[in-house]
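What follows is one structure encoded as structure tokens, with my remarks underneath.
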Amino acid sequence: MAAAVCSQAASRMLQAEAAPQTTTNLGREIFYTRIVVAISLITSTVALLALGHIALDRLWSSQWMLASVDAFFAVNIAFLMYGSLFYQFTRYGYLMRLKTHRRASREELESIYDRELPHSLSVLVPSYCEELRVVHMTLMSAALMEYPNRNVVLLIDNPPSPADPAAAKELAATRELTRKLDAMFRAQERRYAAALAAFERRADSGEISIAAECASIASLCREIAAWMEKQAETHEVADHYDEIFVNRVLLEPAKAHRERAAEIDQFGQNSAGAAAIARIAREYRRIAALFGAQLSSFERKRFVNLSHASNKAMNLNAYLGLVGRNFRELVGPGGLHLEECPQEHASLKVRNAEYVITLDADSMLLNDYALRLTHIMDQPEAAQFAVVQSPFSAVPGASSVLERIAGAQTDVQWYGTQGSTRYNGSFWVGANALLRRKALEEICEIVYERGFPITRYIHDRTLVEDTESTIDLVVRGWKLHCYPERLSYSATPPDFGALVIQRRRWANGPVLIIPKLLRYALSGAERLRRLPETILRLYTLSSVVGALSMLLVTCARFPDAKRLPMAWLMMSAVPYYILYCRDLRAAGYQWWDLPRVYAMNLLLMPVNLAGLLKSIRQAITGQRSTFARTPKVPGRTAAPPVHIILPIVVMASVVISTLRVVEQGGWAYGAYGLLNCVCLGYAIFIYIGARAGREDVGASLTLWTDAWRERLRGARYEPVPATQADGGPELPESVSAEAAR
């Protein structure tokens, strides 16, 4: 029953994504957004003026302390309004882009098969101790993308010589996976390459029958469809991630191939001449290229003279530094080295790549991703595009409420990312993107690690390497472009412990990039032209501060609640939530998911604040934070006790503040406090869970109590790290310790 409901929900979301928005709907949504922006500007201005007037009254009455508290409250309210307007303007930008968006036809996209030398493309998949079935689906989605000159490389970051037998077995299986997939693709490629070669021989000899060739092509298309359908039939569907892989990566293209076969049959009966022969030649080349992707793996940690820094950016950098060159392996000081050499002596020949797609190991691309994004990149007007991307969507059909609501946040945020492109204010979203390697070469720099020179393209100073690299690119005149269709999917953390690690990492670093953004915004003669993108990018980088503002507004008690302009504050907030609700529905969710999203925002306030504090620590001490990968483990990931206890403390604080406000007659502000109590209580019990929270706190307390006992006995206590990524003591049973620190 649950599986059926999950499948129906996924189907509704896919239909919502696939359904083109009519001009009438677009016009209506644009009109609504304009009205909401106007209302928000007016009500926000009036509310802030009223709050300012209260603070000035305190100041004139020489109540300095109360005046400063009032002013601080007003500043936090202003920042939340800033975020509301950011959302509204980017939504408007997305709708205006959608109004003028024209989807390239298959004829335009497939013209690439007529080129002698299409741009070379490498798909890089950084991976660290990933679940094998997830990596399998990611690699299959990348390899099945349509593009004539591509290869797929799995960048394995597992320790290369693990002592643990289970880890060694996992590493061997991961290595074997790429070999098996490549062998499978080579077998298919030989079949269709032979068909292309046979056609070319017939064309050279002049023995061409258009009807016969079209019948042959249609038969090949049906063979490909049958192969994909067999892959779908034999793939075990365990959850919604498998379901979208089967439906959108295998069955959807299989259906398209069968439709193409029928189209080609019809074409063969009604066409003749040179144009028909050119179309046939293109079809053969397209079919021959479908399985042309070469799959391989690379392990940077096997080599002493490559970076071993524990983060995704340096895993990518290590391979990018080798692209287009030839190497041999030598045993040198400290172990195995890579040394550049002539091609004839090389044991490692790294293909050149003019374009690079970076793809997280828990993400999937649809089959036309490369064709559509490279088509944009190839246009003359896109010569300065360094990144073209289709920001990821959440995998639909999640069974747990937490995963579904976290996915809802991602899917609505997608509209803002798209809208920012209208104002040249987008950021590179690192889960997947098409990169122009020439642009990466312009921002690369040489750094030293353990005495070896390392080429760094993607900066790893912060944990949001894609965000900082965006500023590096725009400083040098490059632009970023978001394609306004959903062409990629990425896994959402399935439980609170994994969500904490992901969101804490996202919050750790953006504020450190603000000085670099401001230097760019204030330099040169185009400062005014850069103002819209600066305002948008500034909010994106400082949005984590909104967690602090929300926390203070939620918990703090305004000195004189009866004087608060609650009516104007509500009128400034309600239109925002109306638009948000409409976007939730457009993304395949329901209106009642809105309070659940709000509850999750309240629950994640301490998590975002923790990320902000880590950024401040790095700014003061210069000590970089440890890169913590989002865990993908069987069972449940343990949540750090502090992020279980703090929401309870916040809720208690809100209850006390609300009661005091109501005692003073501030009924409207008290109602707001009551709403926050209900939502936060819901989040604690549904997203964390009473039992899970008790287990995680109890297990951590037991471990640390044992540690202190050992110290009191005079023994040295050395906790066993859970993983190389995040560290922490191991927890019992099915609870992963990835998050316990």
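Of the strands (runs of 3 or more DSSP E) lying entirely inside the stretch 359-438, not one is found with 3 or more residues being free of Cβ contacts under 8 Å to residues at least 12 places away in the same chain, farther than 28 Å from VAL475 by Cβ and touching a Cys at 6+ places or on another chain (Cβ under 6 Å). Identify, from the list ALA361, ALA353, the residue that is open to solvent by less than 20 Å² (accessible area, probe 1.4 Å), closer than 20 Å to ALA313 by Cα and in contact with a Gly (Cβ under 9 Å, 6 or more places away or on another chain). Checking each option against the conditions leaves just ALA353. Selection of the stretch 481-495 for residues being open to solvent by less than 10 Å² (accessible area, probe 1.4 Å) and outside any loop (DSSP other than H, G, I, E, B) yields CYS482, SER488, TYR489, SER490.
Note on the stretch 380-389: residues that are open to solvent by 30 Å² or more (accessible area, probe 1.4 Å) and of a type in the set (Gly, Ala, Ser) total 1.
Counting the residues of the stretch 31-58 that are within 18 Å of VAL574 (Cα to Cα), among the aliphatic types (A, V, I, L, M) and open to solvent by 10 Å² or more (accessible area, probe 1.4 Å) gives 9.
Could you check, for the stretch 317-328, whether at least one of its residues is under 21 Å from THR174 (Cα atoms) and either open to solvent by 30 Å² or more (accessible area, probe 1.4 Å) or of a type in the set (Gly, Ala, Ser) (or both)? Scanning the stretch 317-328 turns up at least one residue that is under 21 Å from THR174 (Cα atoms) and either open to solvent by 30 Å² or more (accessible area, probe 1.4 Å) or of a type in the set (Gly, Ala, Ser) (or both).
Whether any residue in the stretch 226-244 is within 30 Å of PHE267 (Cβ to Cβ), open to solvent by less than 50 Å² (accessible area, probe 1.4 Å) and among the small types (Gly, Ala, Ser) is what I want to check. Looking for residues that are within 30 Å of PHE267 (Cβ to Cβ), open to solvent by less than 50 Å² (accessible area, probe 1.4 Å) and among the small types (Gly, Ala, Ser), one finds at least one in the stretch 226-244, hence yes.
Within the stretch 390-405, being hydroxyl-bearing (Ser, Thr, Tyr) and open to solvent by less than 10 Å² (accessible area, probe 1.4 Å) holds for SER390, SER393.
Only one of the numbered conditions (1) open to solvent by less than 50 Å² (accessible area, probe 1.4 Å); (2) assigned to a loop (DSSP other than H, G, I, E, B) is violated by LEU250, and that is (2). Within the stretch 323-340, residues that are without any contact (Cβ under 8 Å) to a residue 12 or more places away in the chain have Cβ atoms under 9 Å from residues that are open to solvent by less than 80 Å² (accessible area, probe 1.4 Å) and not in a loop (DSSP other than H, G, I, E, B) in these pairs: LEU330/LEU336; LEU330/HIS337; LEU330/LEU338; LEU330/GLU339; VAL331/HIS337, counting only partners at least 6 apart in sequence or on another chain.
Within the stretch 291-315, the residues that satisfy the criterion of being assigned to a loop (DSSP other than H, G, I, E, B) and open to solvent by less than 10 Å² (accessible area, probe 1.4 Å) are PHE291, ALA293, PHE303, SER307. State yes or no: is VAL429 at pLDDT below 95, within 13 Å of the chain's Cα centre (by Cα) and either buried (at least 18 other Cβ atoms within 10 Å of the Cβ) or of a type in the set (Val, Ile, Thr) (or both)? So VAL429 passes the test. Residue count for the stretch 518-530, restricted to those that are assigned to a helix (DSSP H, G or I) and open to solvent by 90 Å² or more (accessible area, probe 1.4 Å): 2. Here TYR589 meets each of (1) hydroxyl-bearing (Ser, Thr, Tyr); (2) more than 25 Å from VAL75 (Cβ to Cβ); (3) not in a loop (DSSP other than H, G, I, E, B) with one exception, condition (3). Can you find even one residue in the stretch 628-640 that is open to solvent by 20 Å² or more (accessible area, probe 1.4 Å) and modelled with pLDDT of 90 or more? Among the residues of the stretch 628-640, not one is open to solvent by 20 Å² or more (accessible area, probe 1.4 Å) and modelled with pLDDT of 90 or more, which makes the answer no.
Counting only residues that are assigned to a helix (DSSP H, G or I) and of a type in the set (Val, Ile, Thr), which one in the stretch 531-550 is surrounded by the fewest Cβ atoms within 10 Å (Cβ to Cβ)? Looking at residues that are assigned to a helix (DSSP H, G or I) and of a type in the set (Val, Ile, Thr), I get ILE535. In the set (1) open to solvent by less than 20 Å² (accessible area, probe 1.4 Å); (2) touching a His at 6+ places or on another chain (Cβ under 8 Å), the condition left unmet by VAL152 is number (2). Can you tell me which residue in the stretch 697-715 is nearest to LEU402 (Cα to Cα), limited to those that are touching a Pro at 6+ places or on another chain (Cβ under 6 Å) and not polar (S, T, N, Q)? The selected residue is VAL697.
Being within 25 Å of ASN149 (Cα to Cα), part of a helix (DSSP H, G or I), free of Cβ contacts under 8 Å to residues at least 40 places away in the same chain and open to solvent by 70 Å² or more (accessible area, probe 1.4 Å), is that true of even one residue in the stretch 214-221? Scanning the stretch 214-221, I find no residue that is within 25 Å of ASN149 (Cα to Cα), part of a helix (DSSP H, G or I), free of Cβ contacts under 8 Å to residues at least 40 places away in the same chain and open to solvent by 70 Å² or more (accessible area, probe 1.4 Å), so the answer is no.
Filtered by the rule that a residue be touching a residue at least 60 places away in the same chain (Cβ under 8 Å) and within 26 Å of the chain's Cα centre (by Cα), the stretch 445-468 gives THR455, ARG456, TYR457, ILE458, HIS459, ASP460, ARG461, THR462, LEU463, GLU465, THR467. Looking across the stretch 263-272 at every residue that is open to solvent by less than 60 Å² (accessible area, probe 1.4 Å) and among the small types (Gly, Ala, Ser), the one that is farthest from ALA232 (Cα to Cα) is identified as SER271.
The values are calculated or read from the model by the stated rules, or taken from the named source; none is laboratory data. Computed from a predicted structure; not experimentally measured. Counting neighbours? That spans all protein chains shown, and the Cβs are built from the backbone with ideal geometry, glycine included. Surface areas here come from the heavy atoms of the whole protein model, side chains and all, with no ligands, DNA or RNA. Shrake-Rupley method; radii C 1.70, N 1.55, O 1.52, S 1.80 Å.
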